[in-house]
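Since the structure comes first, as structure tokens, the remarks are kept for the end.
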2 protein chains.
Amino acid sequence: MAADAAAFLARWHRILADRDFDLMKELLADDVTIGAPPHWQRLSGVDLAHHLLCTILQTIEGFTYHREWVSGAEIALEFKGKVRDLDLQGMDIITLDDDGRVLRLDVMIRPLNAVMTLQEVVSERMLAFLAEQKA
Amino acid sequence: MAADAAAFLARWHRILADRDFDLMKELLADDVTIGAPPHWQRLSGVDLAHHLLCTILQTIEGFTYHREWVSGAEIALEFKGKVRDLDLQGMDIITLDDDGRVLRLDVMIRPLNAVMTLQEVVSERMLAFLAEQKA
């Protein structure tokens, strides 16, 4: 495993275990982009990405990582959890930049009903966040 | 990379390149299960799994694999393609059995509209297949 990826994963898992989401921002590149489960269009920028990520992580109950793969700066993490009693399984696909921060994150989740329920909750919270930013 | 995984991937990619889907059946364990993108409930058994897999692969236009991770008998493959002009990105998460065949396959796809469109086409073809099996 590349040293950067090992160091990143140690910090990433610690943050998730402690649910210390503020610290997560330090692990995101300024120009990070996220490909979220519902949309093809990517979200970009550290503030928006951080808020989306925190919202997803706080919405999925019993979020836990399972299988893990690393290939250089490319990381694949399997997770499981529930949203409103619906089981879900997903993958975080992460590309690290040269500083060992997340440059690109793609999130894929199955099944369909869990993605739709997650989207419902998350988009409501994201709209509130965006309205607040504008105000 | 485990010898089994390397041998499996060489055959898997050759089958995809040649679009020789009949051969794919040899790479599936008799008791293979598939976690498809739309449903939580897994499909099991080689005939059903093979038919579902072929139907998905034939429905996604320009299906190509991109990033690839291997950890022992656990494999993660990123793919991209289109369904009815909708871009999609997905992951095949594969567990090999001791004979180097697929024991478990989980498929996750984003975005939502592509999964819904794919489901529409695939479920129609799967129902036709199941009706034929029964007849």
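Residue by residue through the stretch B:9-43, note down the ones that are of a type in the set (Gly, Ala, Ser) and part of a helix (DSSP H, G or I). First the steps, then the outcome.
Within the stretch B:9-43, the first condition is being of a type in the set (Gly, Ala, Ser), and the residues that meet it are B:10, B:17, B:29, B:35-36.
Scanning the stretch B:9-43 gives B:Ala10, B:Ala17.
Name the single residue that is farthest from A:Asp99 (Cα to Cα) among those in the stretch A:33-56 being under 11 Å from the mean Cα position of the chain (by Cα) and more than 14 Å from chain B (Cβ to nearest Cβ).
Our first condition is that a residue be under 11 Å from the mean Cα position of the chain (by Cα); within the stretch A:33-56, this holds for A:33-37, A:49-56.
In the following step, the residues that additionally are more than 14 Å from chain B (Cβ to nearest Cβ) were identified as A:49-51, A:53-55.
Working: A:Ala49: 18, A:His50: 18, A:His51: 21, A:Leu53: 20, A:Cys54: 22, A:Thr55: 25 Å.
Ranking the candidates gives A:Thr55 first.
Does B:Asp87 count as under 16 Å from B:His50 (Cβ atoms), surrounded by fewer than 22 Cβ atoms within 10 Å (Cβ to Cβ), within 11 Å of another protein chain (Cβ to nearest Cβ) and at pLDDT 95 or above? Steps first, answer last, please.
Details: under 16 Å from B:His50 (Cβ atoms): no; surrounded by fewer than 22 Cβ atoms within 10 Å (Cβ to Cβ): yes; within 11 Å of another protein chain (Cβ to nearest Cβ): yes; at pLDDT 95 or above: yes.
So B:Asp87 does not fit the description; no.
Looking at the stretch B:101-124 only, could you name the residues that are under 16 Å from the mean Cα position of the chain (by Cα) and farther than 16 Å from B:Phe63 by Cβ?
B:Arg101, B:Val102, B:Leu103, B:Arg104, B:Asp106, B:Gln119, B:Ser123
Yes or no: B:Gly45 farther than 16 Å from A:Arg110 by Cα and in contact (Cβ under 8 Å) with a residue 60 or more places away in the chain?
Details: farther than 16 Å from A:Arg110 by Cα: yes; in contact (Cβ under 8 Å) with a residue 60 or more places away in the chain: no.
Taking the combined requirement at face value, the residue does not satisfy it.
Hey, A:Tyr65 hits all of (1) in contact with a helix residue (DSSP H, G or I) (Cβ under 9 Å, 6 or more places away or on another chain); (2) among the hydroxyl-bearing types (Ser, Thr, Tyr); (3) within 30 Å of B:Lys82 (Cβ to Cβ) but one; which does it fall short on?
Going through (1) in contact with a helix residue (DSSP H, G or I) (Cβ under 9 Å, 6 or more places away or on another chain); (2) among the hydroxyl-bearing types (Ser, Thr, Tyr); (3) within 30 Å of B:Lys82 (Cβ to Cβ) one by one, A:Tyr65 breaks only (3).
Answer yes or no as to whether B:Gly72 is small (Gly, Ala, Ser), surrounded by fewer than 18 Cβ atoms within 10 Å (Cβ to Cβ), out of contact with any Ser or Thr (no Cβ under 6 Å at 6 or more places or on another chain) and touching a residue at least 12 places away in the same chain (Cβ under 8 Å).
On the way: small (Gly, Ala, Ser): yes; surrounded by fewer than 18 Cβ atoms within 10 Å (Cβ to Cβ): yes; out of contact with any Ser or Thr (no Cβ under 6 Å at 6 or more places or on another chain): yes; touching a residue at least 12 places away in the same chain (Cβ under 8 Å): yes.
So B:Gly72 fits the description; yes.
Would you mind telling me which numbered condition in (1) touching a Ser or Thr at 6+ places or on another chain (Cβ under 9 Å); (2) surrounded by 15 or more Cβ atoms within 10 Å (Cβ to Cβ); (3) away from every other protein chain (no Cβ under 14 Å) A:Lys25 fails?
(1)
Of (1) of a type in the set (Gly, Ala, Ser); (2) part of a strand (DSSP E or B); (3) within 13 Å of another protein chain (Cβ to nearest Cβ), B:Ala5 satisfies all except one. Which?
(2)
Yes/no per residue for (1) assigned to a strand (DSSP E or B); (2) surrounded by fewer than 16 Cβ atoms within 10 Å (Cβ to Cβ); (3) facing another protein chain (nearest Cβ under 8 Å):
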site: A:His66; (1), (2), (3): yes, yes, no
site: A:Arg104; (1), (2), (3): yes, no, no
site: A:Val107; (1), (2), (3): yes, no, yes
site: A:Thr117; (1), (2), (3): no, no, no
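For the stretch B:87-127, name all the residues that are basic (Lys, Arg) and touching a strand residue (DSSP E or B) at 6+ places or on another chain (Cβ under 6 Å).
Filtering the stretch B:87-127 for residues basic (Lys, Arg) gives B:101, B:104, B:110, B:125.
Within the stretch B:87-127, B:Arg101, B:Arg104, B:Arg110 qualify.
For B:Asp47, all conditions in the list (1) charged (D, E, K, R); (2) under 30 Å from A:Gln41 (Cα atoms); (3) surrounded by fewer than 17 Cβ atoms within 10 Å (Cβ to Cβ) hold save one; what is the number of the exception?
All conditions are met except number (2).
The values are calculated or read from the model by the stated rules, or taken from the named source; none is laboratory data. Computed from a predicted model, the values in this text were never measured in an experiment. We place every Cβ from the backbone using ideal geometry, glycine too, and count neighbours over all the protein chains shown.
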